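Heads up: the structure comes next, in structure tokens.
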Amino acid sequence: MVLRMNESHPRISKAVIPAAGLGTRFLPATKATPKEMLPVVDKPAIQYVVEEAVGAGLSDVLMITGRNKRPLEDHFDRNYELEEALIKKGDQERLAKVQESSDLATMHYVRQGDPRGLGHAVLCAAPHVGNEPFAVLLGDDLIDPRDPLLARMVEVQEREGGSVVALMEVEPSQIHLYGCAAVEPTGDADVVKVTNLVEKPDPAEAPSNYAVIGRYVLDASVFGILRETEPGRGGEIQLTDALQKLAADESVGGPVHGVVFKGRRYDTGDRGDYLRAIVRLACEREDLGPDFRNWLRGYVTEEMQGL
Ligand code: UTP
């Protein structure tokens with residue numbers, strides 16, 4: 001299939017980051033701190049996500065926040081007291097680190113109130129987004145900065161119109177943890193057409209092993225569908241249910257495509273994945289990596305000897 005140019009399509013400029021979940025898998029750390037603020041090496045997980053949006057050309061960022069989310073707003077704001085102290089000390093390196101997050105993007109915030117599901121969180125973005133296509137990046141889903149995904153999704157959406165989801169092949173036994181897509185191939189090896197979506201299916205009923213991961217580029221018609229979507233699994237308004245309606249009827253908001261991602265991705269809301277993200281990213285760091293790798297090698301050798 002040849003991707004067609006969609007000349008009349010507006011350039012995507014807005015990113016929406018839902019970060020209003022309760023983070024119960026990470027208690028007690030998330031009792032008073034949003035899980036998106038947990039550090040991955042020395043940066044909060046959410047900063048990687050905002051950097052990813054900016055890296056894909058989206059510098060207007062709307063964060064959907066909730067209870068306990070004040071630290072998120074503070075992190076992307078100036079901290080004059082800290083800046084003054086570092087200026088007095090002449091510590092330019094740390095000053096740059098403090099200022100980095102506040103200079104990153106134009107940040108906007110809206111409160112979700114009751115966390116009534118991801119679909120409901122996305123719906124809270126409707127007044128800010130208006131009638132343009134927009135990106136959604138889940139605040140606890142970290143795509144390794146070395147494996148760009150969102151820029152490719154934006155490219156596909158701008159050529160095809162409609163909506164684009166990110167897909168990743170998972171072990172069939174794991175598909176019940178994700179939204180799952182039924183797909184058809186296209187002329188592009190990394191792009192598929194999505195014909196159906198099912199939220200967290202039983203492995204026996206899953207239409208494929210393509211899992212939907214936390215990056216989306218959506219047509220604004222999704223808002224109208226979300227307004228009419230009844231709470232689904234877990235009593236929450238599911239984004240997958242709305243996307244399923246888009247995939248089933250192209251006349252509503254255009255086609256739904258999937259970009260198949262083969263890079264590194266971490267669910268930082270899951271404790272095991274969170275630890276893996278830290279180890280991998282720490283190993284790659286120029287400042288910390290060499291020492292940390294040496295230590296890790298020794299630690300693994302000791303562990304192997306103990307087996
Ligand atoms: P999760 O499924 O990880 O839920 O949400 P959660 O409540 O954050 O975490 P656990 O499962 O209790 O540990 C996926 C994404 O959707 C956002 C979350 O912040 C996360 O980025 N979300 C979820 C909302 O913004 N609002 C909601 O009502 C639900």
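Read-outs: derived from the displayed coordinates by stated rules, not from any lab. These numbers were taken from a predicted model, which means no experiment stands behind them. In this analysis, Cβ positions are derived from the backbone assuming ideal geometry, glycine residues included, and neighbour counts consider all displayed protein chains.
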Where a ≥ b ≥ c are the square roots of the eigenvalues of the C-alpha gyration tensor, would you call the stretch 177-223 rounded, which needs a/c under 1.5, or, failing that, prolate if a/b is larger than b/c, or oblate? oblate
The stretch 78-85 - phi-based ³J(HN,Hα) in whole Hz, Karplus 6.51/-1.76/1.60, Gly and Pro as x: 5, 10, 4, 4, 5, 4, 4, 4
Per-residue counts of other Cβ atoms within 10 Å, averaged by peptide: what ranking do you get for 15-23, 40-48, 72-80, highest first? 15-23, 40-48, 72-80
Which FRET efficiency, nearest 0.05, do ALA151 and LYS88 yield, Cβ-Cβ r, R0 41 Å? 0.55
Residue-wise, which Karplus ³J(HN,Hα) couplings in Hz belong to the stretch 89-96, taking 6.51 cos²θ - 1.76 cosθ + 1.60, θ = phi - 60°, and x for glycine or proline? 7, x, 8, 5, 5, 6, 4, 4
Cα-based Rg then Dmax for the stretch 16-65, in Å, read 11.8, 36
Cβ-Cβ FRET estimate between HIS108 and ASN294, R0 fixed at 41 Å, reported to 0.05: 0.40
What length, rounded to one decimal in nm, is gained on full extension from GLU51 through to LYS262, with 0.36 nm per residue of separation minus their alpha-carbon distance? 74.0 nm
Considering Cα pairs under 8 angstrom that are at least six residues apart, work out the relative contact order of the chain and quote it in whole percent. 21 percent
Taking only the Cα atoms of the chain, how large is their convex hull per residue, in Å³? 163 Å³
Given backbone amide H placed at 1.01 Å from N, residues whose amide H is under 5 Å from that of VAL256, ignoring those fewer than 5 places away on the same chain, are SER163, VAL194
For THR24 and ARG70, what is the calculated FRET efficiency with R₀ set at 22 Å and r taken between the beta-carbons, to the nearest 0.05? 0.70
Diffing the stretch 66-72: the Karplus 3J(HN,Hα) column from phi (6.51, -1.76, 1.60, θ = phi - 60°), in whole Hz with x for Gly and Pro, holds x, 4, 6, 9, 3, x, 5
Quote to one decimal, in nm, the extra length available between ASN131 and ASP287 on full extension: 0.36 nm per residue of separation minus the C-alpha distance between them. 51.7 nm
Can you tell me which of 205-216, 159-170, 281-292 comes out highest on packing, and rank the rest after it, using the mean Cβ neighbours within 10 Å? 159-170, 205-216, 281-292
Shape verdict for the stretch 6-143, please, from the Cα gyration tensor: rounded (a/c under 1.5), prolate (a/b greater than b/c) or oblate. oblate
Three-way shape label, the stretch 104-253, alpha-carbon gyration tensor, a/c 1.5: rounded
In Å, what is the Rg of the alpha-carbon atoms in the stretch 162-244, and how long is Dmax? 12.8, 39
